[in-house]
Amino acid sequence: MKKYVDKFQYLSQDLPDFTHAEQTEMACQAGANWVQYRCLTKCDEELLEEINHVAAICDDWGATLILTNHYHLLHLVDAQGVHLEDMESDFAAIRQIISEEKTLGASAHSFEDIRRIDQSGAVDYIGCGPFGFTQTKPNNFSLLAVEGYREIVEQMRQQQIDIPLLAVGGIKVENVPDLLATGIYGVAVSSAVNLAANPADALDSFRKLLV
């Protein structure tokens, strides 16, 4: 079942003075249609309370809500899907747990990751990165840059892999036109919005390039 996947995906993040609920409200007011709740610092009880708050905001604005990693909570909240950052996840097994109705996204770094994820037949979209330097999700992966995405998209075409591919990690608004020219489906951003002097304006600048 082919799912709707937005070309601009906004990710909330753990920040000391800007809660996930505040970030979500800001993003939805600024026009985001897709919110990925990415909280890595709370226990399940705290997560459920906050997700319910975030879900209510998304519902008010008609935005899709995706949870990062916490698929075990999906049946307890009003969220539309989950994004798995562990590239070694058993995607087929998790698809059975969350049902066909929910959206399932996955993270990747290379074409080999993408091919393996696609072969599971369980995933609706892939976030691939990092494009550039990022502190949101520290890792030791090499930076893909524009040329890396161009090569990956060409490999996908050659192998007839047809799954929405989003660039993630350290993306600035000025990078978006060159990234879209590679043939990627869209982009996902976090710090470029959340740490901006005016997050709503920053989000709007991204969104306008991806409608």
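The values are calculated or read from the model by the stated rules, or taken from the named source; none is laboratory data. Since the model is a prediction, treat every value here as computed from it, not as a measurement. Backbone-built Cβ (ideal geometry, glycine too); neighbour counts: all protein chains shown. Note: areas computed on protein heavy atoms with side chains; ligands, DNA, RNA excluded. Shrake-Rupley method; radii C 1.70, N 1.55, O 1.52, S 1.80 Å.
Quick notes on this structure:
- In the chain, helices alone account for a calculated mean residue ellipticity at 222 nm of -11500 deg cm²/dmol, with every DSSP H run of four or more residues adding -39,500 (n - 2.57).
- Whole-Hz ³J(HN,Hα) from phi, Karplus 6.51 cos²θ - 1.76 cosθ + 1.60, for the stretch 182-189, glycine and proline x: 6, x, 5, 7, x, 9, 10, 9
- Of GLN29, GLN158, GLN119, the residue with the greatest mean-square motion in the GNM of the chain, using alpha carbon springs below 10 Å, is GLN158.
- For THR64, the residues whose amide H sits under 5 Å from its own are TRP34, VAL35, ignoring neighbours fewer than 5 places away on the same chain, with H placed 1.01 Å from N.
- Here the Karplus relation 6.51 cos²θ - 1.76 cosθ + 1.60, evaluated at θ = phi - 60°, turns the backbone of the stretch 2-14 into coupling constants of 6, 9, 6, 10, 6, 7, 10, 10, 9, 10, 7, 8, 6 Hz, with x for every Gly and Pro.
- Once backbone amide H atoms are built at 1.01 Å from N, CYS39 has THR68 as its partners under 5 Å, excluding neighbours fewer than 5 places away on the same chain.
- Across the stretch 74-88, rounded Karplus estimates of 3J(HN,Hα) from the backbone phi angles (6.51 cos²θ - 1.76 cosθ + 1.60, θ = phi - 60°) give 4, 6, 9, 9, 8, 10, 8, x, 9, 10, 9, 8, 7, 5, 9 Hz, Gly and Pro being marked x.
- Listed residues VAL5, ALA108, ILE161: farthest to the positive end of the dipole of the chain (Cβ charges): ILE161
- In the complete set of protein chains, residue-level accessible area for ILE57 is approximately 10 Å², probe 1.4 angstrom.
- Positive-pole candidate from GLY183, PHE133, ALA202, dipole of the stretch 112-211, charges at beta carbon: ALA202
- Aspartates and glutamates whose Cα lies under 20 Å from that of LYS172, excluding same-chain neighbours fewer than 8 positions away: ASP6, ASP14, GLU147, ASP201, ASP204
- Near GLY127, the amide H atoms lying under 5 Å from its own belong to ALA106, SER107, ALA108, LEU166; only residues 5 or more places off or on other chains count, and H is placed 1.01 Å from N.
- The lysines whose alpha-carbon is closer than 27 Å to the alpha-carbon of LYS42, local same-chain residues fewer than 8 away aside, are LYS102, LYS137.
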